[in-house]
């Protein structure tokens, strides 16, 4: 079977292998074990690799590079209009010689791939919608177009659209799904974790406006102002890195907040095991892996109730749902900190729930999609 991937992820070639964003590649390698040949249509750039990058693991990959494009400015729009016909032709050509078409959405490449698949109604298709599928969520117009096209059973046939969360009034194309990071057999964290001070908080994710890392810092700073000794380790890189560093210095928070950069996935296990809380004040998510990963290792998540996060945290029985009102959120965290039994309740519920979503279960679910 020839398996074709349409992705907006920017890749880098090195030593005959193709590297990309680690969590995405790690997931795709599970899909690829059921393919004889893989065709990847995606942007390819010469970038420096770091701990966040992984390589596809498959002996037969054909990579079709296309330009990266966006609509974030007038000049970018002009460039996009110039390159889109070229990219669309490349996608059609890749589809013709493939048996299974796989779209990574939402994204500009996913939108083009969704339009192109209309011309191949009989081919088997899957689409992984890694964003927020909530019909009520405010999203860019291109995201809404993808949702509408993928849901439409007239224009989009023979497809499973994998989305996070259970949503009402969905077409037969839509299938509730999940993702996973760890396998069956990983050791259980200790049955208890003492709330010793300074309390350890972590932020894990891209340092981008949508993830709101400044709010994580403000929350920890407010806790310290309330007499709760707390420290925050920030893991990730992104556009806000320099401004975060400046904010930390200007507010003399060097002893309370540390920017750690990117680390390998294996190293994050120890981070979660040591930390008391994960903070994720994100504006939008699909199924945030860091939330499930933190719970897997006994770290209680403190996250915004976007997409399916409320369900992941069982409306507050497996973690703390942020209101994004600083004083209120500070009180929520303090209520948990001041009760060892409440912290243990949230922590143990999170461990029990997250251990159901292993790479073993994910592999089996993918296998059913690939060989059915």
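Where a number appears in this text, it was derived from the coordinates with a stated rule and is not lab data. Every value quoted in this text rests on a predicted model; they were computed, and no experiment measured them. Neighbour counts run over all protein chains shown; Cβ positions are idealised from the backbone, glycine included.
Below is a table of values for the structure above.
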item	result
Gain in span if fully extended, residue 246 to residue 196, counting 0.36 nm per residue against the direct Cα distance	15.1 nm
Sorted by Cβ density within 10 Å, fewest first, the residues 68, 325	325, 68
Centre separation in Å (Cα based) which lies between the range 291-333 and the range 112-133	32 Å
GNM top mover of 75, 354, 243 - the chain, alpha-carbon springs below 10 Å	75
Taking the C-alpha atoms of the range 68-109, convex hull volume expressed per residue in Å³	56 Å³
In nm, spacing of pseudo-spin labels at residue 50 and residue 208 (7 Å Cα→C-beta vector)	1.5 nm
Prolate/oblate/rounded call for the range 108-256, Cα gyration tensor, a/c under 1.5 rounded	prolate
Range of Cα positions in the chain per principal axis (Å), largest first	63, 43, 42
Global form of the range 1-112, assessed from the alpha-carbon gyration tensor, a/c cut-off 1.5	oblate
Rg and Dmax of the range 199-354, Cα atoms only, in Å	14.2, 41
Compactness relative to 2.2 N^0.38 Å, alpha carbon Rg of the range 110-178	1.03
Shape category assigned to the range 171-239 from the gyration tensor of Cα positions, a/c cut at 1.5	oblate
Pairwise label distance in nanometres, residue 21 with residue 328, each label 7 Å out on the Cα-Cβ vector	3.0 nm
Extension gain, residue 63 back to residue 97 (0.36 nm per residue minus Cα-Cα distance, nm)	10.9 nm
Spin-label model distance (nm) - residue 260 vs residue 184, 7 Å beyond Cα toward Cβ	3.0 nm
Ranking of 299, 308 by count of other Cβ atoms within 10 Å, fewest first	308, 299
